[in-house]
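Structure record follows, encoded as structure tokens.
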Amino acid sequence: MPHYLLTGSYTGDGAKALLAEGGSARKDQATALVKSLGGTVECFYFAYGSDDVVAVIDMPDSASATAASLTVSSSGRVSVRLTPLITPEEVDAATQKSKSATYRAPGS
């Protein structure tokens, strides 16, 4: 299954709800959402700084991953960013494909 890095930032109302519900309840809710879309949560952490939540999720496809992101972001309480994670083997395959790719750099 494809892996995705999910990062999120709480709004003020989201942070208030986190204070009221606690971190374990939010992790359980995130896990239930991902599971309902056919995926699994590999790891889930809270952080401070620019991101409040960091997770690695495995999803069956990009449509399912996007559905999870949109569902959470549409709440207006968390802004989610989703980054596809690429395995070393996928990079190996890409480097092989790039050998036969044609490209002209701008201005050259």
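Report whether or not residue 76 is modelled with pLDDT under 95 and more than 14 Å from residue 30 (Cβ to Cβ).
Criteria not met by residue 76.
What number of residues within the range 57-73 satisfy the criterion of being within 16 Å of residue 8 (Cβ to Cβ) and buried (at least 16 other Cβ atoms within 10 Å of the Cβ)?
Of the residues in the range 57-73, 7 are within 16 Å of residue 8 (Cβ to Cβ) and buried (at least 16 other Cβ atoms within 10 Å of the Cβ).
Among 49, 12, 76, 22, which is the only one that is touching a residue at least 12 places away in the same chain (Cβ under 8 Å) and either among the polar types (S, T, N, Q) or exposed (fewer than 12 other Cβ atoms within 10 Å of the Cβ) (or both)? Before you say what the answer is, go through the steps one by one.
Numbers: 49 fails: touching a residue at least 12 places away in the same chain (Cβ under 8 Å); 12 fails: touching a residue at least 12 places away in the same chain (Cβ under 8 Å); 22 fails: touching a residue at least 12 places away in the same chain (Cβ under 8 Å).
Result: 76 is the single residue among 49, 12, 76, 22 that is touching a residue at least 12 places away in the same chain (Cβ under 8 Å) and either among the polar types (S, T, N, Q) or exposed (fewer than 12 other Cβ atoms within 10 Å of the Cβ) (or both).
Looking only at the range 52-72, count every residue that is of a type in the set (Gly, Ala, Ser) and free of Cβ contacts under 8 Å to residues at least 60 places away in the same chain and tell me the total.
4
The values are calculated or read from the model by the stated rules, or taken from the named source; none is laboratory data. Predicted model only: the values in this text are computed from it and were never measured. In this analysis, Cβ positions are derived from the backbone assuming ideal geometry, glycine residues included, and neighbour counts consider all displayed protein chains.
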